[in-house]
Amino acid sequence: MELVGNASSEGLLLKAKLVAKYAGVLLRVSRTEGPDPPVLKGCLGGASLPAGTAAALKYLAGQGSRQLYPLPPFKGDALQTAAQIDSWVDFSGTTLVKALQRWESAASAKDAQAAAQQMQETLKPLEAHLASRTFVAGNALSLADLVVAADLRPAFQQVLDPAARGTLPHSTRWYQTVASQPDFAAVAGFPLLADKAAEPKGIAGQAARAAAGKALSEKKKADRLAAAKAGGGAAVVAGAAGVAAAAAAKGGKGAKPAKPAKGGAAGAKGATKEVKKVNEDGLSVTKAEDFARWYSEVVVKSEMIEYYDVSGCYILRPYAMDVWEEGIRDWFGARIKAMGVKKCYFPLFITKGALEREANHVEGFAAEVAWVTRSGESELKEHLAIRPTSETAMYPFYAKWIRSHRDLPLRLNQWNAVIRWEFKHPTPFIRSREFLWQEGHCAFSTREEASEDTYKILDLYAGIYEEQLAVPVCKGVKSEKEKFAGADFTTTVEAFVPSTGRGIQGGTSHMLGQNFSKMFNIQVEAPDGGKAYVWQNSWGFTTRSIGVAIMIHGDDKGMVMPPRVAPVQVVGINIPNSKLSTDDRLALQNKVRQLCRALGDVGVRVETDLEDHHSPGWKYNFWELKGVPIRLEVGPRDLEGQCVVLCRRDTGAKSTVSWADLTTAVPTLLEQIQADMLARAAQDFTDCIELVHTWDEFMAALGRGHMALAPWCNEEEVEEDIKKRSATPEAMGAKTLCHPSTTHRLPVDSLDVPPATKCFASGKPATKYVLLGRSY
């Protein structure tokens, strides 16, 4: 079928497109320039129907597999539902549309306000009707919901501000439920709610006409002056300009529009910008369209974080804390405990004298340190730093506690928050002023012990990413320029976000050598009777890891949580239908509870969503947004067949499992999902690394949003030059991410650079391979 119409009939076309989308009808849309009303062509017998009319919409609804309107013969509940749909479609096409037209044609602010009030009155029957209903007619989404929501869309976008919506809570809830559904949003865009009522077209038109009239008056005055000076000919020319101005005032064809006065047509355009794009339930953009906005919406709407009134600080909600504590902290904590690491906690404040004892360390953090300088009205005698990291807070006490070899090794770890104040572009989880982390600080008798321990911790950090978060990483060593301030060397795990083409430091483990022990005089009695400085390392892992996993695995529906860290691994949902009796509904709910309890008994983290307030489709969207790995569905047929349907969040694949096999099938499927997520992400990671040998190849790789593995000379001056030269007007410069310590997932078989190989950037002899890229 074909839908034909012009731009002025967009509202009628929208309703037809929505119904076709839901019904699964292939509809070709053709635009015309003429004034003819829109039509739906290719109906029964080749007939055409006026598009947007009840007849056309019901015809479309009847062509698909989805029942948006009862099929004849109408009997019992079907007859009542059909009557309700007809009534509300008629109410929408007449009463609601006229109320909106009345507001649009208002010529003054007073008239607009009165029309908005009248619209609220008009919606009272709908508000009362929806007080005890999820949908307008029947127990499922119908033709009436689509039509009424489409007709009300301009009202919610432009007229009904927060105060007005406060008087219509049921209508607002229903509208957001319907308009947030993926099929609706795919046609109409995600629901926008007005932050402030816009200016009606009538007021804008009035202002434009007034401006045109003023321009015409000024032209006439100019005509008279010109005639007085130059004679009748000039008056004729000026008069022609006046006719054009008059034509513009009347909207005449071919007339050039007059420049609107301040607050006129331009004001109307500005008013439309006042509409705040708010979508309570779904995402308003895809990951590919606007990654930054997608990510911001995902972390908020999935209930991971909430924005705080201090820039760069965020509230971690329970869902995020569960990932951090149970998915990451418990896993890592158990393993470092087995290594002999003990828990501790040091105060938040560090004296200025202690912080400044290690010059290189202080220089590395100087811009990020936040200071406490006053107590009430009194200036503090000594300013206190709020810890950016705890080396300088802890090591004076290590000097006190460590006296002999019997006190070594000393391995301490604390879970806390740190403050790093100076930064740009705050991003939830990724870059914030305050963040949660763990920091470990160890002291050893020998360099070998400290170095070996440094790499053991790095392996655990890689394990958090790959085994828990299903995120592939590259293990390596930072360059001298990029290493931790005061360290001998820094090891790192580097992740990569293909959607942005940027690498991200995932966690670091630092070999400190004896730099800090010498500064803080941490010594032990040597076997020869003298004194020996201890060898140290420190290591830290942050909540940034959660953001990395969201960025890599998330899709256009929301988060995709790896099962091992998911706070909820399975959500059980009942799927009732309108034919079920109350007893049958309760039986269905009880069976879902029973099955989910059985899963809980075998260690699966499970929740149920059994309320009737929302449809199954709404629940699907909600839990998909939160990234729950498996959705367990039970409907009337499943009760009869003693089975359930399991739907995977990562692929959408469905499978049917018997009740008897459920407690073994679900844990197996969760592990399969975990493995599949890592495999897909690892393939993407590998595909985004290019081996380059020249500067042109390097820039081409960056242009494709990839990392580059390149031979280089390992000189700091060259490293600085790479960052400067690779910057473009559209993108930041690239930097070294690490010197890889393994060839795993790299496009080389050996990390040894072939003889006579030149540095890709300087042309000097290359000494090692380096992984480079743009980064967070």
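The values are calculated or read from the model by the stated rules, or taken from the named source; none is laboratory data. All of these numbers come straight from a predicted model, not from anything done at the bench. All Cβ positions, even for glycine, are placed from backbone atoms using ideal geometry, and neighbour counts span all protein chains on display. Remember, those area values only see protein heavy atoms, side chains included, never the ligands or the DNA or RNA. Shrake-Rupley method; radii C 1.70, N 1.55, O 1.52, S 1.80 Å.
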Loop GluC sites (Glu not before Pro), segment 306-399 (other Cβ atoms within 10 Å of the site Cβ: 16 or fewer; DSSP): Glu356, Glu377
Charge sum, other residues only, whose C-beta stays under 12 Å from Val571's C-beta, Lys/Arg counted +1 and Asp/Glu -1: +1
Proximal charge balance of Leu458 [Cβ under 12 Å; K/R count +1, D/E count -1]: -1
Accessible area (Å², 1.4 Å probe, nearest 10) - Trp415: 50
Point-charge dipole on Cβ atoms (K/R +1, D/E -1) for segment 637-776, about Cα centre, debye to 20: 180
In nm, spacing of pseudo-spin labels at Ile315 and Glu525 (7 Å Cα→C-beta vector): 5.7
Potential extension, His613-Leu348 segment - 0.36 nm per residue separation minus Cα distance: 90.7 nm
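If you add up the charges near Lys98, with Lys and Arg at +1 and Asp and Glu at -1, over every other residue whose beta carbon is less than 13 angstrom from its beta carbon, what do you get? Show your work: numbers first, answer last.
Values: positive: Arg102; negative: Asp90, Glu104, Glu121, Asp151.
Net charge around Lys98: -3.
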Label point at Glu452 placed 7 Å out along Cα→Cβ; residues across segment 517-531 whose backbone nitrogen lies under 15 Å: none
Candidates per trypsin sites (Lys or Arg not before Pro) in segment 412-477, loop by DSSP, up to 13 other Cβ within 10 Å: Lys424
Computed FRET value (nearest 0.05) for Ala83 with Asp183, which takes r as the C-beta separation and R₀ as 41 Å: 0.95
Per-residue SASA entry for Trp618, accessible area with 1.4 Å probe, Å² rounded to 10: 40
Segment 425-463 and segment 671-698: distance between their alpha carbon centers, rounded to Å: 24
Spin-label proximity, Arg133 to segment 159-188 - amide N less than 18 Å from point 7 Å beyond Cα toward beta carbon: 168-179
Simple label model, 7 Å out from Cα along Cβ direction - Arg725 to Val372, nm: 4.9
Unsatisfied cross-links (Cα-Cα over 27 Å) in the set Lys342/Lys735; Lys58/Lys579; Lys17/Lys201; Lys456/Lys768; Lys475/Lys654: Lys342/Lys735; Lys475/Lys654
Spacing of the two label points (7 Å from each Cα toward its C-beta) at Val748 and Arg597, in nm: 6.0
Gap separating the Cα centres of segment 700-753 and segment 624-670, nearest whole Å: 45
Of all accessible heavy-atom area on segment 353-464, the percent that carbon and sulfur account for (1.4 Å): 50
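Using a Förster radius of 35 Å, what is the FRET efficiency between Arg680 and Met339 based on their Cβ-Cβ separation? Nearest 0.05, please.
0.65
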